[in-house]
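K.L.:
My questions all concern the structure below.
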Amino acid sequence: MSTVTPYLCIKDAARAIDFYARAFGAVEPGARITDSTGRIGHTEIRIGDSTMYIADEHPELGFRSPQSLGGSHIQFVVSVPDVDGMVTRAVAAGGALTRPVEDQFYGDRTGEITDPFGYRWTLSTHLRDVSAGELRRGAAERERQRKAAG
Amino acid sequence: MTAAGGVRVAIDVDVEPAVAFEVFTAELDAWWGRGPRFRFVPPHAGTMRLESGLGGRLLHVGDDGGRVFEVGRIEVWEPPRRLAFTWRLSNFRPGQVTRVEVRFEPAEAGTRVTVDHDGWDSLPPEHPARHGLTGRAFVLMKGGWWGDLLTAFRTLAETARDHRGGQR
């Protein structure tokens, strides 16, 4: 095993790459391959030290984007030093805030945005290490709150 | 967009357009890939040479002054912004010709170098240059080929910039 790289299929990949640059500081370090209709056949972006591949959707190959499928079953979790700042930046870039930023019982502070292309991104900053006992109590407490909320 | 059936490959290079154009043309052999994947005629050694100016030839010159293969001729020579040349492989028949256009545009990162390789529809679908590929598979094959070349080109261009002491 070496590296697992997600391959994002996107409707209007060029606009998405621009969004990821503004929202997450993504860079496109290599060559972008485009076909004669302007569809991106392949490129890669780097966010932090992670690489993602990106292409436009190619319905004739069964390669469809979240927008065409009515949502995505996958979400990405990004570790950032300042989740509040990053979520603000991502929303300013055009992302939808789908879970507000809040402290979690497991010691992280997280928020979630959904990008204009249908992918969900959880942004997360680790605040503190949590003991096993505290983790159990926190999980039980959250379960109680969920049930109480119906 | 490129012409029908064409492939576009773009890369950002951290040098001025004039440096990019100079390295792309005058130092072509230094960055052009070697071996059977990138050299045109057996034994796939020798030198790649681009003669400067309109009508200049793109040549693959064998070692020991052996076989000289003409890939194409320059149709557009507009330093430092644009360059275009015809492109034929040794197995192309008369009338079968593709065309490569290269643009060097100022970009935030220095220069965006864009290669459009068009004219593939002059070849029948079964032509060996297509490697049996159509659609996206062909685009990725040909685009990946140019992508590897342009990545090597970028490395050399940025090294050339450092050696010249030039800063953007």
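The values are calculated or read from the model by the stated rules, or taken from the named source; none is laboratory data. Bear in mind the structure is a predicted one, so any value in this text is a computation, not a measurement. As a convention, Cβ positions derive from the backbone with ideal geometry for all residues, glycine included, and neighbour counts pool all protein chains shown.
K.L.:
If a residue counts only when it is within 13 Å of another protein chain (Cβ to nearest Cβ), which helices (runs of 4 or more DSSP H) contained entirely in the stretch A:1-115 have at least 3 such residues?
P.N.:
Values: elements: A:13-24, A:66-69, A:83-92.
Correct list: A:13-24.
K.L.:
Looking only at residues in the stretch A:116-150 that are of a type outside the set (S, T, N, Q) and assigned to a strand (DSSP E or B), which one is nearest to A:Pro81 (Cα to Cα)?
P.N.:
Residues of the stretch A:116-150 that are of a type outside the set (S, T, N, Q), as a first pass: A:116-121, A:123, A:126-130, A:132-144, A:146-150.
Still in the list and also assigned to a strand (DSSP E or B): A:120-121, A:123, A:126.
Details: A:Arg120: 19, A:Trp121: 15, A:Leu123: 10, A:His126: 8 Å.
If we take residues in the stretch A:116-150 being of a type outside the set (S, T, N, Q) and assigned to a strand (DSSP E or B), then A:His126 is nearest to A:Pro81 (Cα to Cα).
K.L.:
Another question, if that's okay. Quick one: is B:Asp116 buried (at least 16 other Cβ atoms within 10 Å of the Cβ) and within 14 Å of chain A (Cβ to nearest Cβ)?
P.N.:
Working: buried (at least 16 other Cβ atoms within 10 Å of the Cβ): yes; within 14 Å of chain A (Cβ to nearest Cβ): yes.
Here the answer is yes, as B:Asp116 does meet what is asked.
K.L.:
Another question, if that's okay. When the stretch B:31-50 is examined, which residues are found to be away from every other protein chain (no Cβ under 14 Å), touching a residue at least 24 places away in the same chain (Cβ under 8 Å) and either surrounded by fewer than 15 Cβ atoms within 10 Å (Cβ to Cβ) or closer than 22 Å to A:Arg32 by Cβ (or both)? Talk me through it step by step, then tell me what you get.
P.N.:
Just the residues of the stretch B:31-50 that are away from every other protein chain (no Cβ under 14 Å), to begin with: B:32, B:34-50.
Still in the list and also touching a residue at least 24 places away in the same chain (Cβ under 8 Å): B:32, B:37-38, B:40-41, B:50.
Correct list: B:Trp32, B:Arg37, B:Phe38.
K.L.:
Can you tell me which of B:Gly72, B:Gly53 is surrounded by fewer than 18 Cβ atoms within 10 Å (Cβ to Cβ) and at pLDDT 95 or above?
P.N.:
Details: B:Gly72 fails: surrounded by fewer than 18 Cβ atoms within 10 Å (Cβ to Cβ).
After ruling out the rest, the residue left standing is B:Gly53.
K.L.:
Can you name the residue in the stretch B:123-136 that is within 14 Å of chain A (Cβ to nearest Cβ) and touching a strand residue (DSSP E or B) at 6+ places or on another chain (Cβ under 9 Å) and is also surrounded by the most Cβ atoms within 10 Å (Cβ to Cβ) among such residues? Steps first, answer last, please.
P.N.:
Residues of the stretch B:123-136 within 14 Å of chain A (Cβ to nearest Cβ): B:133-136.
Applying the additional criterion that residues be touching a strand residue (DSSP E or B) at 6+ places or on another chain (Cβ under 9 Å) yields B:135-136.
Working: B:Gly135: 12, B:Arg136: 20.
So the residue we want is B:Arg136.
K.L.:
Then there is this: Out of A:Leu61, A:Leu127, A:Leu135, which single residue is more than 17 Å from A:Asp12 (Cβ to Cβ) and in contact with a Gly (Cβ under 7 Å, 6 or more places away or on another chain)? Explain how you work it out, then say what you get.
P.N.:
Details: A:Leu61 fails: in contact with a Gly (Cβ under 7 Å, 6 or more places away or on another chain); A:Leu135 fails: in contact with a Gly (Cβ under 7 Å, 6 or more places away or on another chain).
Testing whether each residue is more than 17 Å from A:Asp12 (Cβ to Cβ) and in contact with a Gly (Cβ under 7 Å, 6 or more places away or on another chain) leaves just A:Leu127.
K.L.:
Could you grab me the full set of residues in the stretch A:61-107 that are surrounded by fewer than 18 Cβ atoms within 10 Å (Cβ to Cβ) and of a type in the set (D, E, K, R)?
P.N.:
A:Arg64, A:Asp82, A:Asp84, A:Arg99, A:Glu102, A:Asp103
K.L.:
Of all residues in the stretch B:5-23 being within 14 Å of chain A (Cβ to nearest Cβ) and of a type outside the set (Gly, Ala, Ser), which is nearest to B:Pro125 (Cα to Cα)?
P.N.:
Looking at residues that are within 14 Å of chain A (Cβ to nearest Cβ) and of a type outside the set (Gly, Ala, Ser), I get B:Val7.
K.L.:
Checking the conditions here, which among A:Asp18, A:Asp35 is in contact with a helix residue (DSSP H, G or I) (Cβ under 8 Å, 6 or more places away or on another chain), of a type in the set (D, E, K, R), under 28 Å from B:Arg8 (Cα atoms) and modelled with pLDDT of 95 or more?
P.N.:
Details: A:Asp18 fails: in contact with a helix residue (DSSP H, G or I) (Cβ under 8 Å, 6 or more places away or on another chain).
Testing whether each residue is in contact with a helix residue (DSSP H, G or I) (Cβ under 8 Å, 6 or more places away or on another chain), of a type in the set (D, E, K, R), under 28 Å from B:Arg8 (Cα atoms) and modelled with pLDDT of 95 or more leaves just A:Asp35.
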